[in-house]
Amino acid sequence: MFFLLALISMLGYSLQGTLLARYARKMDGLSLAVWRNLSLIVSMLPLLFFVSKSEWALLPNFWGEFLLAGISGALSLMLVFASLKFLPVGISEAFRRGGVVISLLLLGLVFFHEKINFLQGIFVAVILGSGFYLSLQKHHLANLDQRTMRGIFFGIVSAILAAISIFLMSKAARELNPFISGYIWEITIGLCALIIVLLRDWCSKFKFQKISLGEFGRIALVSSPTLIGTGGSALAVTMGPIGILHTIGAAGIFTTLILSHFLYGEKIRLSQWIIIAIMAGGIIGLKLFESSPL
């Protein structure tokens with residue numbers, strides 16, 4: 001059941017992330033994060049059918065975790081959407097997935113004293129080296145800003161923030177309830193994004209991007225697979241290790257590449273396919289050799 005939920009979660013996230021790329025390239029990233037996550041207030045309501053009254057009563061004990069997860073998650077969404085202005089969807093996803101896994105590994109080391117062995121260190125180097133190679137490539141697509149390094153920077157920082165947010169949500173899912181944790185997590189991210197964008201409006205020239213009711217409905221529709229993405233992930237993390245869950249999630253790189261190829265005409269060169277495959281293999285290797293004595 002753990003692996004099935006992990007695969008379902010991966011497909012949900014990959015689908016909504018690829019579909020949202022169209023809006024990320026024509027909207028301010030922070031504004032899109034607000035509209036996306038506020039739409040989830042309705043589309044993710046089915047998760048709450050699995051929450052008991054006693055679990056609702058425990059919710060106030062976890063507001064600290066949810067607040068920090070919301071802030072880091074909102075900033076991560078803003079940056080990952082911004083990166084899509086500079087990078088193809090598949091390349092952006094490759095950086096984010098690799099960065100999240102490595103960041104979660106480091107969080108485990110710092111907070112749970114989980115050390116990595118020699119073979120895992122090699123796979124970390126493989127992932128970082130693959131990412132560095134991809135960062136040197138030029139992606140000559142008409143719909144992209146060619147300042148590639150800016151997109152890479154946004155992707156790396158986004159991955160670190162996403163890992164922090166995922167780590168905190170997973171902690172609450174195990175100690176409280178996975179469904180209420182997934183729901184409150186996404187809604188808190190939306191509310192934090194709204195607060196950040198209002199503060200930005202007040203102190204800078206960048207303004208919150210308003211949209212029509214019809215456009216909000218379309219964003220809500222393409223964001224709706226988050227229901228199975230977050231719901232599946234929150235439940236799976238109560239059944240197995242968070243690292244393995246997000247290692248399986250790395251398969252989303254290939255799903256995203258296939259979808260973006262057909263939806264956006266983003267053809268990936270053979271050399272880039274090979275490097276992305278190597279990066280994904282490095283992520284898988286991190287967990288396959290977790291218990292190795294080397």
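The values are calculated or read from the model by the stated rules, or taken from the named source; none is laboratory data. The model shown is predicted, which means the values in this text are computed figures rather than measured ones. Here the Cβ positions follow ideal geometry from the backbone for every residue, glycine too, while neighbour counts run over all protein chains shown.
In this structure, is SER54 in contact (Cβ under 8 Å) with a residue 60 or more places away in the chain and at negative phi? It is false that SER54 is in contact (Cβ under 8 Å) with a residue 60 or more places away in the chain and at negative phi.
Yes or no, residue by residue, for (1) in contact with a helix residue (DSSP H, G or I) (Cβ under 6 Å, 6 or more places away or on another chain); (2) at pLDDT below 75; (3) crowded, with 22+ Cβ neighbours inside 10 Å; (4) aliphatic (A, V, I, L, M):
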site	(1), (2), (3), (4)
PHE95	yes, yes, yes, no
GLY108	no, yes, no, no
GLN120	yes, yes, no, no
GLN146	no, yes, no, no
ARG150	no, no, no, no
PHE154	yes, no, yes, no
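What are the residues in the range 70-112 that are in contact with an Asp or Glu (Cβ under 7 Å, 6 or more places away or on another chain) and among the aliphatic types (A, V, I, L, M), if any? Let's see the steps before the verdict.
Within the range 70-112, the first condition is being in contact with an Asp or Glu (Cβ under 7 Å, 6 or more places away or on another chain), and the residues that meet it are 85-86, 88-90, 108.
VAL89 - this is the single residue of the range 70-112 that is in contact with an Asp or Glu (Cβ under 7 Å, 6 or more places away or on another chain) and among the aliphatic types (A, V, I, L, M).
In the range 49-58 there is at least one residue that is at pLDDT 85 or above, in a loop (DSSP other than H, G, I, E, B) and out of contact with any His (no Cβ under 6 Å at 6 or more places or on another chain).
Are any of the residues in the range 207-228 charged (D, E, K, R), outside any helix (DSSP H, G or I), over 17 Å from the mean Cα position of the chain (by Cα) and over 30 Å from PHE62 (Cα atoms)?
Taking the range 207-228 and keeping what is charged (D, E, K, R), we get 207, 210, 215, 218.
Next cut, outside any helix (DSSP H, G or I) only: 207, 210.
With over 17 Å from the mean Cα position of the chain (by Cα) added as a condition, the list becomes 207, 210.
Checking which are over 30 Å from PHE62 (Cα atoms) leaves us with 207, 210.
Yes.
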